[in-house]
Amino acid sequence: MNIYAIRAIYKFEMARTFRTIAQSIISPVVSTSLYFVVFGSAIGSRMNDVDGISYGAFLVPGLIMLSILTESISNASFGIYFPRFIGTIYEILSAPVSPLEIVIGYVGAAASKSLMIGSIILATAALFVPLQILHPFTMLVFLVLTSITFSMFGFIIGIWADSFEKLQIIPLLIITPLTFLGGSFYSINMLPEVWQTITLFNPVVYLVSGFRWSFYEISDVDIITSLLMTGLFLFICSVFLYWIFKTGYRLKK
Amino acid sequence: MTSIIKIENLSKTYASGFQALRNINLEIREGEIIALLGPNGAGKTTLISIVCGIVNPSGGRVTIGGYDIVKDYRAARTMIGLVPQELATDAFETVTATFAFSRGVFGKKADPAHLEATLKALSLYDKKDSKIITLSGGMKRRVMIGKALSHEPRILFLDEPTAGVDVELRKDMWNVVRKLKESGVTIILTTHYIDEAEEMADRIGVINKGELILVEDKDVLMQKLGEKRLILHLTKPVTDLPAGLSAYRLELQNQGKSLVYTYDANQSESADIAHLLDAIAAAGIQFKDLETRQNSLEEIFVNLVKK
């Protein structure tokens, strides 16, 4: 294992985060905090409880998950797309570094950033709404698994994309709608039965549901199913990455 | 001298169907500077890219220091450093940070002493904390070389290293390359500047349309393929050559003011020249000065790729 290479990639990526701290960390935290202010404190106080939880508190896991998903994808996709775009990828490709080490470096950095942002949002949420975390270990598992999985997904997008427009298409047109419709702001039990069934095809439902369960022991789907679905998505991303490095897709001519 | 890189039957056909390399066989000797010459699209960069692991070959085999570039890619790649043609740098990073990154990805522990020595050798020490975006084009080119040297490679690939840099900087680069050679680094250089190859290389390889059409020691090549000319500047212009000189490849130029004798540099024609000068004197032709000229590498190269 080329530990120095993993460390170099990780440090380089993290350095960019801290160099652009306003964009990387402060901006997502501020925008998510606005959700808490508007939907939690302002509108939330006039809304009914959901499954016995105040609406503001109900929102917290979904909003954290929304940030984790979008930030993981955005950080990891940009992390690998940028060296491809400016041409510095030649150095990684010509270095004695394995695909696994490359993925650990880039995905590890992207997932770390997401975890940092998720933790800051969680702490911020506590300022606006009453919070309780009944299963902190499960919460951590979901947080870490989701960060890694969606950072891998972002890494795949960063390799697939051949323009900045394509880099944004999947996060904006697929991930954000899936997250909004995946029970971040409501329980899927509030939907008509037919929409409940359709919603179960949305993978984000399982992430939000499992994550929310770790806070309040309420969920739209069984916690084990949520964990298995997260694991399945991780597996699918791993298979894709294996194929990418095996074939050199969009990396090697 | 032992081979450090062995390229056997290497070929590359891109997905578009374009055959960039055709059955290349080449051995590169440890410690030498070999220059690969060829017109645009000849396959020079593809060859370098395959050896460095950036492009997948379609066929053939490459070993570096005895290690296969596919099976033993770690051991093989640890030995190489690459300076690509394009100025690809992390614009918002500092020089030191990019050097440290390069050393790290090549599996080497940080070494401040080596970092400092590299910065000084490339006259970048004053700029070590500057962001790359603030540097001039020539400085960026130095940064690219520094990055390639940051992990102390035994082999350095320089793909058009002086493209677009001014004359002074080019000479500076040549000095850097010479020092590297003195330290035992093997250098593979592609260039459009023939004078660069002429100045730097021990051996010359010519690639054209994906084929390696020639590899030769530079001096041997220039001797073998270089025609030589003896030019006599005459005291008085001559309109016709006397019959006694018809046995020699002579030509009157410059309105009869110069007499040019063309001969093969590879032949030992010194005796002929002595006889020629005697014959010229016997014909009553006098000259005030003489000079010899040899074909430049550029002329040799142009003749080769024209074929």
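The values are calculated or read from the model by the stated rules, or taken from the named source; none is laboratory data. Note that this is a predicted model, so its numbers are computed, not measured. When we count neighbours, we look across all protein chains shown, and the Cβ atoms used for this are built from the backbone with ideal geometry, even at glycine.
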Tell me, which residue of the range B:74-100 that is closer than 23 Å to residue A:100 by Cα and in contact (Cβ under 8 Å) with a residue 60 or more places away in the chain is surrounded by the fewest Cβ atoms within 10 Å (Cβ to Cβ)?
-> B:79
Counting residues that are within 24 Å of residue A:227 (Cβ to Cβ) and either of a type in the set (D, E, K, R) or within 14 Å of another protein chain (Cβ to nearest Cβ) (or both), which helices (runs of 4 or more DSSP H) fully inside the range A:87-173 reach at least 2?
-> A:99-128
So how many residues does the range B:67-89 have that are closer than 25 Å to residue B:180 by Cα and either part of a loop (DSSP other than H, G, I, E, B) or among the β-branched types (Val, Ile, Thr) (or both)?
-> 11
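Looking at the range B:51-73 only, could you name the residues that are charged (D, E, K, R) and surrounded by 15 or more Cβ atoms within 10 Å (Cβ to Cβ)?
Looking only at the range B:51-73, we keep the residues that are charged (D, E, K, R), and these are B:61, B:68, B:71-72.
Within the range B:51-73, B:72 is the sole residue that qualifies.
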Of the residues A:41, A:45, which single one is touching a residue at least 60 places away in the same chain (Cβ under 8 Å), among the hydroxyl-bearing types (Ser, Thr, Tyr) and loosely packed, with under 14 Cβ neighbours inside 10 Å?
-> A:41
Per the filter on the range B:101-132, residues in contact (Cβ under 8 Å) with a residue 40 or more places away in the chain and either touching a Leu at 6+ places or on another chain (Cβ under 7 Å) or more than 11 Å from chain A (Cβ to nearest Cβ) (or both) are B:121, B:122, B:123
From the options B:131, B:109, B:71, residue that is over 17 Å from residue B:155 (Cβ atoms), basic (Lys, Arg), out of contact with any strand residue (DSSP E or B) (no Cβ under 7 Å at 6 or more places or on another chain) and outside the structural domain of residue B:5 (by TED's automatic domain parsing) = B:109
List every residue pair whose Cβ atoms sit under 6 Å apart, with the two residues 6 or more apart in sequence or on different chains, where the first one lies in the range B:35-57 and is touching a residue at least 60 places away in the same chain (Cβ under 8 Å) and the second, anywhere, is surrounded by fewer than 24 Cβ atoms within 10 Å (Cβ to Cβ) and acidic (Asp, Glu).
-> B:45/B:159; B:48/B:159
When the range B:51-66 is checked residue by residue, the ones that are outside any loop (DSSP other than H, G, I, E, B) and within 10 Å of chain A (Cβ to nearest Cβ) are B:51, B:52
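So that you can scan it fast, the table gives a plain yes or no per residue for (1) under 26 Å from residue B:203 (Cβ atoms); (2) surrounded by 12 or more Cβ atoms within 10 Å (Cβ to Cβ); (3) of a type outside the set (Phe, Trp, Tyr):
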site: B:218; (1), (2), (3): yes, yes, yes
site: B:233; (1), (2), (3): no, yes, yes
site: B:236; (1), (2), (3): no, no, yes
site: B:240; (1), (2), (3): no, no, yes
site: B:259; (1), (2), (3): no, yes, yes
site: B:264; (1), (2), (3): yes, yes, yes
